[in-house]
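*Asks:* Structure in structure tokens, see below.
The values are calculated or read from the model by the stated rules, or taken from the named source; none is laboratory data. Predicted model, so just to flag it, every value in this text is computed and none were measured. Using ideal geometry, Cβ is built from the backbone for each residue, glycine included, and neighbour counts are taken over all protein chains shown. Note: accessible area is taken over every heavy atom of the protein model, side chains too, but ligands, DNA and RNA are not part of it. Shrake-Rupley method; radii C 1.70, N 1.55, O 1.52, S 1.80 Å.
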Amino acid sequence: IFNYFWFIKLSLIELINSRLDSIVFHLGFSKSISEAKQFINHGHILLNNKIVNFSSIICKHNDLISVKKDSNIINLININLKFNNTFYKENLELDFENLVGKFINPIKSKDLFIKFNESKIIEYYSNK
């Protein structure tokens with residue numbers, strides 16, 4: 001018997017980790033998801049060389065995430081990258097010099113280093 005709840009949990013984790021704000025955070029451009037959202041909403045982050053202003057975009061295989069060249073937050077991003085401990089090499093590539101990241105594929109829940117209650121995440125997002 002196929003367990004649909006398990007499939008939904010797995011898909012949800014992959015979906016959340018495919019969001020632009022999550023990728024900006026995991027590339028190390030920001031020190032939190034909230035900061036990543038702010039960078040995106042203020043037009044500092046480019047997706048495939050286009051300005052996007054909403055953080056919930058779902059990225060696809062080989063999407064390029066970069067920092068706008070004339071952005072006034074480049075120094076802040078370089079500081080964040082120095083202290084970054086969230087970078088997942090399995091699903092992202094990062095060109096430190098040009099501040100360009102590449103989304104390879106979503107993080108699988110089994111690859112995450114943190115423990116969390118997936119049911120609580122589903123419950124939280126289902127109430128939105």
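*Asks:* Kindly indicate whether any position in region 46-56 is in contact with a Leu (Cβ under 9 Å, 6 or more places away or on another chain), of a type in the set (Phe, Trp, Tyr) and either open to solvent by 30 Å² or more (accessible area, probe 1.4 Å) or at pLDDT below 90 (or both).
*Replies:* For region 46-56, residues in contact with a Leu (Cβ under 9 Å, 6 or more places away or on another chain), of a type in the set (Phe, Trp, Tyr) and either open to solvent by 30 Å² or more (accessible area, probe 1.4 Å) or at pLDDT below 90 (or both): present.
*Asks:* List every residue pair whose Cβ atoms lie under 8 Å apart, where the two residues are 6 or more positions apart in sequence or sit on different chains, the first residue falls within region 63-83 and is within 13 Å of Leu94 (Cβ to Cβ), and the second residue, located anywhere, is of a type in the set (Lys, Arg).
*Replies:* Leu64/Lys102; Ile65/Lys102; Asn80/Lys31
*Asks:* Could I ask something else about it? Residue by residue through region 72-94, note down the ones that are at pLDDT below 90, out of contact with any Phe, Trp or Tyr (no Cβ under 8 Å at 6 or more places or on another chain) and not in a helix (DSSP H, G or I).
*Replies:* Correct list: Phe83, Asn84, Asn85, Phe87, Tyr88, Lys89, Glu90.
*Asks:* Another question, if that's okay. Could you list, in sequence order, the residues of region 35-45 that are open to solvent by 70 Å² or more (accessible area, probe 1.4 Å) and out of contact with any helix residue (DSSP H, G or I) (no Cβ under 7 Å at 6 or more places or on another chain)?
*Replies:* Selection gives Gln38, Asn41, His42.
*Asks:* Right, next: Against the condition crowded, with 16+ Cβ neighbours inside 10 Å, in a loop (DSSP other than H, G, I, E, B) and at pLDDT 90 or above, how does Ser66 come out, does it pass?
*Replies:* The answer is no for Ser66.
*Asks:* Could you run through region 49-61 and say how many residues are part of a loop (DSSP other than H, G, I, E, B) and either free of Cβ contacts under 8 Å to residues at least 12 places away in the same chain or closer than 17 Å to Phe96 by Cα (or both)?
*Replies:* 1
*Asks:* Could I ask something else about it? Considering only region 21-30, I want to know if a residue exists there that is touching an Asp or Glu at 6+ places or on another chain (Cβ under 7 Å), buried (at least 17 other Cβ atoms within 10 Å of the Cβ) and free of Cβ contacts under 8 Å to residues at least 24 places away in the same chain.
*Replies:* No, region 21-30 contains no residue that is touching an Asp or Glu at 6+ places or on another chain (Cβ under 7 Å), buried (at least 17 other Cβ atoms within 10 Å of the Cβ) and free of Cβ contacts under 8 Å to residues at least 24 places away in the same chain.
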